[in-house]
Each structure stands twice: as structure tokens, then as C-alpha cells.
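The values are calculated or read from the model by the stated rules, or taken from the named source; none is laboratory data. Bear in mind that the values here come from a model prediction, so they are computed numbers and not experimental data. Glycine also receives a Cβ, built like all others from the backbone with ideal geometry; neighbour counts cover every protein chain displayed. Just the protein is used for accessible areas: all its heavy atoms, side chains included, with ligands, DNA and RNA removed. Shrake-Rupley method; radii C 1.70, N 1.55, O 1.52, S 1.80 Å.
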Amino acid sequence: MHSSLVRLQQVFGFLTTVSFILASIIALTSYTYPMNPTASIKINDVAVVKRRSGGYYSTRQNEYANVKFDLNADFESLYNWNTKQIFVWISATYGGDRYPTNEAVIWDKIIPAAAPSKKLTLKNIKAKYNIHDITGEYAHRNATLKLSWNVQPHVGVLMWGGVGESITKSFVFPSEKARNAV
Amino acid sequence: MLSALSAYQPRQLLAQVLNFGLILSTAFMMWKSLSLVTNSPSPIVVVLSGSMEPAFQRGDLLFLWNRGVDTQVGEIVVFNIQGKSIPIVHRALRKHVSRPSAKQSKSRAYPPLKLLTKGDNNAQDDVVLYTPGQHYIDREKEVIGSVKAYVPFVGYVTILLSEHPMVKTVVLGIMGLFVILQRE
């Protein structure tokens, strides 16, 4: 049977096979590039303010923590030909009574592969998200900041990692309105 | 076409129907096996909205994994909100691990975990998307998996199929005819 239909079917089948194999090879090459970004965070200021949570929350007062920090980072090594973008974020990790482990993202950024520079130098940046705990209270708990990354490929496996050297010394969320220079 | 059908012997016709059934059940069993391995009711999902752009666009295919439910912030999770039919693919922004009760710590390997999520492309976190009064999603009850791998655009055909029901009818009809009319 050599009808045009059979030919069309075969061409389509071949196309799928070839693109599948090609995509798999491209996805596998991602593993051959070493990924070792560097980053350092310096905390400048930590403050806790009490205020009514906006719109959709109840009328009760909640504590919000604001952090100001410097960031120096080099993400060059995360980029290879299969990198579409990277997503980097700084999170605060802290303990608690009812919830013993907590982690909250305070700042994040998408850096696409087309970005001219893969290095970041940020001075005295205010956290993008002011941290608001599930219990509504922050004061006097210990916390550390850390930078992590996620590589989004054009095709294949998403990769995650953290920069160990970016972990800051532990700091204490101060009482409401009191400020802590760290 | 009808003449082609009538040219078959009944036995041959039945064999074709059996063949068709076999293809359907194989596809179904593969999907269910994948579901078992990944521990997710829906191990492969298609992105339906632009809320995670530029990482994911509409029609991209995502592969999920749901074993070991200790989700980290920054992970991209897929979750179902009660009363909404479409699963949401967003990134975890905050996590709070609670102390398991005595009863819970016996029955499960991981302590209960609450997550707040946000789409990369959205200005606000997802509290507005949750059911009224809900501020966090429950890792165990609402999340159906965490995104591990990505293939662009391939899932767009399912968007076409679901948004244009006529296309679905036509495609299914043609596929069915092919299988039945195909001679070995």
C-alpha cells in the first residue's frame, strides 16, 4: 500500500521520532555543564511593623517583617544552550512553636537567557515581599537568609539548587517598631 | 466507505474492533501506571494560563512527581482548589511545617505542610484564588504534584480539542475510521 495517506503517516511518524530523540539528547546535555553560581548577602536592616492586613484578610493586626539587604551574585555558570531562564530567590528560614519550620521568600527575580548580564549587584534593596507569618507574629525569632535558584530549560528537567555560601548569620526579628542593625 | 466496511468478513470486522479496544486500553493502562509510579492522579498536565510566563506558556507539557511531600519554597506545584475544576500551576512562596499530632506522627512520614503560592507572572500571591477564608493550601490534600520536567508546546493540541469541541469530534471520528478500515 503506497497511498499518499500511508506516506503522510510515515512522514509524520518519522518526524515525531526524530524530534523526540533530538529533544532527549538536548535535555541530557544539560547535565554536562557544571553549575556553581556564587552569591553573598549582607543584611542591612530588619524591622517588624504591626498593621492591619489589607483587603482580603480579617481586621486583626498582624506583624510584618521588612528586610533590607545587599546582594552580590554571579549566575553565569547556570546558563548553557538549554537554559531558557533562571529564577533566583532569597528566602528567610525561621523556627517557631506551633509551626517548627518556616520558610518565606522575601525577594525573587527572573533572569532570562537573553539578559545582557548574569551578574547581580544590588545595594540596600528592600525585600519584595514583606514577610508575614502564619501565626501573625514574628518578634524575637531567629532567622537566616539564603539564596536559591531554579533553572528553567528549553526542554527537559528543571534543576534546583542553593548557594551554601550565601547563608547569612542568624539574626533576630526585633520587637515591633524597634529596629535592629545587623 | 460503507462498501469498504461491507467488504469485511464479520470475523475480520470483530478483529478490528478488538484491535481498537486494545489500543485504547493500552493507552489507559500506561496512564494509570504512570499515575501509580508518580503517586499523582494526573502525572502529566498541560499549562492552560499565562500566569507562569515566561517559564511556562499555554500548551506546554509538564511532568509531575508526587512522592516525598516535603515541598520546598521555589518549587512549582500543581494544586486543585475545592470547587474549581482546573488545576493551578504556581510556585511555592512560603511554607509552614506544623507539629504533627501524636496520632498523625504514627500514620504518616511527613509532618503536615501548608503552602502559599504565587504565579511568576502575577503581581499578587494566590490568596485571592483560594476559596474565601483560605490563606494557605494543604500540601497533602490539595497538591497533586511538583513539576520536574518540561516539554514546550506539545500539549497545545489538547487546548485546541477542549476549546473547539468540533475539532474533537472530527479527530475522534477520523481516528476511529482509520483503525477500522486499516487492513493488515
**Q.** Summed buried accessible surface, chains B and A, 1.4 Å probe, nearest 100 Å²
**A.** 2800
Q.
Please check: in the Gaussian network model of chain B (C-alpha springs, under 10 Å), which one of B:I76, B:I159, B:I144 has the largest mean-square fluctuation.
A. B:I159
Q. If you project the alpha carbons of the protein assembly as shown onto their three principal axes, what span does each projection cover, largest first, in Å?
A. 90, 48, 38
Q) If you place +1 on the Cβ of every Lys and Arg, -1 on the Cβ of every Asp and Glu, and leave all else neutral, what size is the dipole of the protein assembly as shown about its Cα centre, to the nearest 20 Debye? A) 640
Q) Roughly how many nanometres apart are two label points built 7 Å out from the Cα toward the Cβ at B:Q82 and B:T158? A) 2.6
Q) Quick one: if you stick a label point 7 Å off each Cα along the C-beta vector at A:R51 and B:R58, how many nm between them? A) 3.6
Q. Taking only Cα atoms, what is the 0 to 90° angle, nearest 10, from helix B:10-38's long axis to the longest principal axis of chain B?
A. 10
Q: Mind checking the per residue accessible area of the protein assembly as shown for me, 1.4 Å probe, whole number of Å²?
A: 56
**Q.** Cα-centre dipole for the stretch A:34-181 with unit charges at Cβ (Lys and Arg positive, Asp and Glu negative), debye to 20
**A.** 440
Q) Within 10 Å of each Cβ of B:125-136, how many other protein chain Cβ atoms are there on average? A) 2
Q: Please work out the FRET efficiency for the pair A:N44 and A:N142, using the Cβ-Cβ distance as r and a Förster radius of 25 Å; give the result to the nearest 0.05.
A: 0.90
Q. Across the residues of B:113-120, average count of Cβ atoms on other protein chains within 10 Å?
A. 2
**Q.** Farthest toward positive dipole pole in the stretch A:34-181 [+1 Lys/Arg, -1 Asp/Glu at C-beta], among A:V155, A:N62, A:F87
**A.** A:N62
Q) Pairing the Cα long axis of helix B:165-181 with the longest principal axis of chain B, what angle in degrees results, from 0 to 90 and rounded to the nearest 10? A) 50
(Q) Per-residue Cβ counts within 10 Å, from other chains only, averaged over A:152-158: what number is that? (A) 6
**Q.** Theoretical FRET efficiency, 1/(1+(r/R0)^6), r = Cβ-Cβ of A:E165 and A:L8, R0 41 Å, to 0.05
**A.** 0.15
Q: Between A:N36 and B:Q9, take the C-beta separation as r, use R0 = 51 Å, and let me know the FRET efficiency to the nearest 0.05.
A: 0.15
Q) Taking amide hydrogens as modeled 1.01 Å from N in the peptide plane, which residues meet the under 5 Å criterion relative to A:H154, leaving out close sequence neighbours? A) A:T83, A:K84
Q) How far apart, in nm, are two points set 7 Å out from the Cα along the Cα-to-Cβ line at A:N66 and at B:W65? A) 4.0
(Q) Run the Debye formula on the Cα coordinates of the stretch B:44-153, all scatterers equal and no solvent, and tell me log10 I(q)/I(0) at q = 0.22 1/Å. (A) -1.25
Q: Can you tell me the 0 to 90 degree angle between the C-alpha axis of helix A:4-29 and the longest principal axis of chain A, rounded to 10?
A: 40
Q: Note the full-extension length gain between B:V167 and B:T26 as 0.36 nm times their separation in residues minus their Cα-Cα distance, in nm to one decimal.
A: 48.4 nm
